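Taken together, the values in this text are just the output of simple stated rules run on the coordinates, not laboratory data. Just so it is clear, the model here is predicted, and its values are computed rather than measured. Backbone-built Cβ (ideal geometry, glycine too); neighbour counts: all protein chains shown.
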Amino acid sequence: MNKLDEFIKRLGLTVKEFADEHGFTRGMVYDWIAGRRRPSGPNMDYLYEISDGFLTANDFYHGKVVNSPRKRGELASNLTSSDGVRL
């Protein structure tokens, strides 16, 4: 469960109720929960404020973290500059 979804459930609201109450569209909230989009700066500030700091910008980044040195090396070896030169 994503933290926004958890927060909405803690409030005892549906996504529709949460969206309506806070001026978001249901689509926006569903996209944030699914990780298809991230809240804009002002929306993130608002979410942080209404959640008393429970929701942070980091909660909306769902990318994979590359921890192994081997994987980092593989990724780095595939980098090229904008003019096509391998870095």
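Here are some notes:
- Fewest-first ranking of GLU21, GLU6, using other Cβ atoms within 10 Å as the exposure measure: GLU21, GLU6
- Counted charge near PHE54, where neighbours are those whose Cβ lies closer than 9 Å (Asp, Glu -1; Lys, Arg +1): -1
- Rotationally averaged projected area of the range 3-60 (alpha carbon convex hull; nm²): 3.4 nm²
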